[in-house]
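The values are calculated or read from the model by the stated rules, or taken from the named source; none is laboratory data. Fair warning: this is a prediction, and the values are worked out from it, not measured in the lab. Don't worry about glycine lacking a Cβ; one is built from the backbone with ideal geometry, like all the others, and counts go over all protein chains shown.
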Amino acid sequence: MDTGMQLFAVGLLAFTRIVLVFVQAPIFGSHHIPKPILAGMAVTLTLVMYPHIPVPPDIPQDLFPFIGALLTQACVGLVLGFVSFLVMAAAQFGGEMLDIQMGLSVAASFDPASHGAVNLLRKVHFYLAMNLWLVLDGHHALIRALEASFRVVPVTYFQITGDIAFEMIRLTSNLLVVGTQIAAPALAALFITQCALGLLARVAPQMNVFMLSFPLNIAIGLALLTLSLPLIVRVISVQFDMNINHLVQSIKLMVPPGR
């Protein structure tokens with residue numbers, strides 16, 4: 001392979017990794033951004049990072065091995081994008097639990113970010129986390145981590161190991177824990193409310209407790225959600241800081257042996 005084709009191959013492999021990160025990453029993977037603009041951003045970032053990307057000596061020269069190399073970079077991009085989106089997913093999971101407990105699931109509305117019907121509090125948590133991600137420079141940290149990945153993980157390498165699989169499982173399980181922490185104050189209040197309504201139904205069976213529970217759950221849930229907003233912001237901010245370390249750790253797990 002001559003030098004020109006080799007440089008083009010490196011650029012194409014790098015573009016594949018970047019565009020697959022953008023597919024899942026917060027903000028970049030949102031449906032608010034049109035796909036042509038997203039592709040243009042990926043091309044621009046590839047050109048900016050290109051001078052700092054090491055050229056490996058083992059670039060495949062045949063078609064099918066080169067397609068295999070493209071698939072390896074797609075996997076690297078998916079891993080980095082998946083890790084970067086976990087905090088956003090945890091925030092949405094917390095909002096989803098509150099929607100179910102408060103009975104707001106029936107009030108789902110169309111969300112352009114997901115091209116589907118999304119519950120109200122899940123959407124509130126998503127936009128809150130999105131704004132925090134921007135305020136905390138999460139987009140810059142993601143780009144720096146992506147640039148660092150090219151220096152330690154070659155554009156022709158990816159290997160699924162037990163360490164990578166275990167790290168993905170651990171981070172995914174942590175998503176459920178963080179989502180529960182975000183929704184915990186309102187969930188606890190709603191649980192106490194349901195217990196009180198159950199006792200009231202036994203003490204005064206003539207009361208229509210079922211109909212009373214709908215406005216009461218919404219009122220108590222929204223009140224506790226408002227009071228717990230500082231706690232939610234703090235939890236999400238801490239998780240975004242930790243997410244940078246998770247990105248770095250994921251990149252280290254993908255480093256080829258002997259490097």
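So that you can scan it fast, the table gives a plain yes or no per residue for (1) modelled with pLDDT under 90; (2) out of contact with any Leu (no Cβ under 7 Å at 6 or more places or on another chain); (3) of a type in the set (F, W, Y):
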| site | (1), (2), (3) |
| --- | --- |
| V79 | no, yes, no |
| G103 | yes, yes, no |
| L121 | yes, no, no |
| F126 | yes, yes, yes |
| V153 | yes, yes, no |
| M168 | yes, yes, no |
| S173 | yes, yes, no |
Tell me yes or no: at least one residue of segment 226-237 is small (G, A, S), farther than 30 Å from L71 by Cα and touching a residue at least 60 places away in the same chain (Cβ under 8 Å).
yes
Being in contact (Cβ under 8 Å) with a residue 60 or more places away in the chain and either under 30 Å from H52 (Cα atoms) or surrounded by 13 or more Cβ atoms within 10 Å (Cβ to Cβ) (or both), is that true of even one residue in segment 199-207?
no
Sort through Q92, Q24 and tell me the only one that's in contact with a strand residue (DSSP E or B) (Cβ under 9 Å, 6 or more places away or on another chain) and modelled with pLDDT of 85 or more.
Q92
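Quickly run through segment 1-59 and pick out the residues that are charged (D, E, K, R) and surrounded by 12 or more Cβ atoms within 10 Å (Cβ to Cβ).
Scanning segment 1-59 gives a single hit, R17.
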Could you run through segment 18-44 and say how many residues are within 14 Å of the chain's Cα centre (by Cα) and among the small types (G, A, S)?
3
Considering only segment 20-44, state which residues are among the aliphatic types (A, V, I, L, M) and farther than 21 Å from F64 by Cβ.
V21, V23, A25, I27, I33, I37, L38, A39, M41, A42, V43
Step by step: first the residues of segment 216-250, then only those that are under 19 Å from M130 (Cα atoms) and among the hydroxyl-bearing types (S, T, Y), then the one that is farthest from the chain's Cα centre (by Cα). Which residue is that?
T226
Do you know which residues across segment 219-232 are touching a helix residue (DSSP H, G or I) at 6+ places or on another chain (Cβ under 7 Å) and surrounded by 15 or more Cβ atoms within 10 Å (Cβ to Cβ)?
I220, G221, L224, L225, S228, I232
How many residues does segment 6-62 contain that are without any contact (Cβ under 8 Å) to a residue 12 or more places away in the chain and either within 16 Å of Q73 (Cα to Cα) or in a loop (DSSP other than H, G, I, E, B) (or both)?
5
How many residues does segment 69-86 hold that are closer than 17 Å to Q249 by Cβ and touching a Pro at 6+ places or on another chain (Cβ under 8 Å)?
2
Quick one: count up the residues across segment 45-64 that are within 20 Å of P256 (Cβ to Cβ) and under 31 Å from the mean Cα position of the chain (by Cα).
6
